[in-house]
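So the structure is just underneath, and the comments pick up after that.
The values are calculated or read from the model by the stated rules, or taken from the named source; none is laboratory data. These numbers come from a predicted model, not from an experiment. Methodologically, a virtual Cβ is constructed for each residue, glycine included, from the backbone with ideal geometry; neighbour enumeration extends over all protein chains shown. These area figures cover heavy atoms from the full protein model, side chains too; ligands, DNA and RNA do not enter into them. Shrake-Rupley method; radii C 1.70, N 1.55, O 1.52, S 1.80 Å.
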Amino acid sequence: MLVVMKTNASEQEIRAVCERIENLGLKAHPIPGETRTAIGITGNKSAVDLAFLDSMPGVVECIPVSKPYKLVGREVKPEDSVLVIPTPSGEVRIGGPHFGVIAGPCAVENREQFFAAAERVRAGGARLMRGGAYKPRTSPYSFQGLGLEGLKIMAEAREAYGVGIVTEAVDNESLDLVEEYADVIQIGARNMQNFSLLKRAGRARKPVLLKRGMAATLDEFLMAAEYVMSEGNYNVALCERGVRTFSDHTRNTLDLSVVPAVHGVSHLPILVDPSHGTGRRTKVRPLSRAAVAVGADGLLIEVHHDPDHALSDGFQSISPEEFEVLMGEVRQIAAVLSRSVN
Ligand code: PEP
Ligand code: MN
């Protein structure tokens, strides 16, 4: 059920409706939009008669939500959501007219490596940096990340270069630390259906970047975002990073058609990660261009100053020089679509 408030409904009227909902043991999610606020209702395990809400001051109508997801759907918020990320060099926005680029190495390897990357990523014009401190690796014998030390290196680079930091949390313990040190909490593909982690991210006070599971359908992807939002964190963006198919010319198959599919049913921004999506350095730039053209809201790109010696995902990491070329191409295509690149 969705309660649509009048354009000019007051704060008090919105609060009064939320209180009535919460008094029934349900959870109210007021979602402000450009023209009106809609209040999503979750927590109703059986049919509850909410008809009385219709007659409360400031309410236009109560409408049933037809989709299994309530808060991520366009029914609750018809216009595009914008992920807002405070950084030391001001707010970065992703979604709507704003196209966001997140770039950096797969993993933080040491201070010199991450600082070198930060300098080049910044020179290329990106204001958000990625880097893994907790790496979900297929083999327990592969480099697992520097953990807290990696977070500290990224936090230092954040201040030195004015970049916002995006990094993955792999469990509740690392999420506590990522929330403390970083600007955006990334939930990786392997954890897209780790429901306790999603709920913990939903209670965090930082934006969440949710990557698509490698075999997740559109509905499963959106329901994972619903988990985060149902706990009260509405600052969520999705990220397509390729799915498993029979094709073996790339590591995964980048599903660019999911971008317009998401935009059709959800107000959430969706980024594209052509690095993990292809696993091949030579494919990153062409698919980045395609991602902008298809309407993605941003890109996640792995950049390393010495890709051949990277401790993880070197095959798919591009050089800083190529990143600069990529950014130039991205800006040109984005301009055709009237989008600004941050
Ligand atoms: C990553 O972005 O570093 C990563 C591990 O990606 P994914 O979860 O998509 O595999
Ligand atoms: Mn990687």
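So the values come out like this:
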quantity	calculated
Matching option when the condition is more than 16 Å from ligand 2 (Cβ to nearest atom), at pLDDT 95 or above and surrounded by fewer than 18 Cβ atoms within 10 Å (Cβ to Cβ), among GLY314, GLY295	GLY295
Flag if PHE195 is aromatic (Phe, Trp, Tyr) and open to solvent by 70 Å² or more (accessible area, probe 1.4 Å)	yes
Criterion: surrounded by 23 or more Cβ atoms within 10 Å (Cβ to Cβ), assigned to a helix (DSSP H, G or I) and either under 13 Å from the mean Cα position of the chain (by Cα) or outside the structural domain of LEU271 (by TED's automatic domain parsing) (or both) - qualifying residue of ALA157, ALA201	ALA201
Some residue of the range 101-123 being of a type in the set (Lys, Arg) and in contact with a Phe, Trp or Tyr (Cβ under 9 Å, 6 or more places away or on another chain)	yes
Count of the range 251-292 residues which are open to solvent by 10 Å² or more (accessible area, probe 1.4 Å) and touching a Leu at 6+ places or on another chain (Cβ under 9 Å)	10
Unmet criterion (only one of (1) in contact (Cβ under 8 Å) with a residue 12 or more places away in the chain; (2) out of contact with any His (no Cβ under 6 Å at 6 or more places or on another chain); (3) within 23 Å of PHE114 (Cβ to Cβ)) for ALA293	(3)
Residue within the range 172-190 that is open to solvent by 40 Å² or more (accessible area, probe 1.4 Å) and either among the polar types (S, T, N, Q) or part of a loop (DSSP other than H, G, I, E, B) (or both) present	yes
VAL65 being over 21 Å from MET229 (Cα atoms), at pLDDT below 95 and open to solvent by less than 60 Å² (accessible area, probe 1.4 Å)	no
Any chance ALA261 is within 15 Å of ligand 1 (Cβ to nearest atom) and hydrophobic (A, V, I, L, M, F, W, C)	no
Filtered residues of the range 55-114 (kept if more than 18 Å from the chain's Cα centre (by Cα) and without any contact (Cβ under 8 Å) to a residue 40 or more places away in the chain)	SER55, SER66, GLY90, GLU112
Within the range 211-235, considering residues that are in contact (Cβ under 8 Å) with a residue 60 or more places away in the chain and within 16 Å of ligand 1 (Cβ to nearest atom), the one farthest from THR282 (Cα to Cα)	ALA225
Residue count for the range 11-28, restricted to those that are open to solvent by 40 Å² or more (accessible area, probe 1.4 Å), over 15 Å from SER55 (Cα atoms) and touching a residue at least 12 places away in the same chain (Cβ under 8 Å)	3
Residues of the range 233-257 classified as among the β-branched types (Val, Ile, Thr) and in contact with a helix residue (DSSP H, G or I) (Cβ under 6 Å, 6 or more places away or on another chain), total	2
Residue that is farthest from PRO88 (Cα to Cα) [pool: residues in the range 140-154 that are within 14 Å of ligand 2 (Cβ to nearest atom) and surrounded by fewer than 21 Cβ atoms within 10 Å (Cβ to Cβ)]	SER142
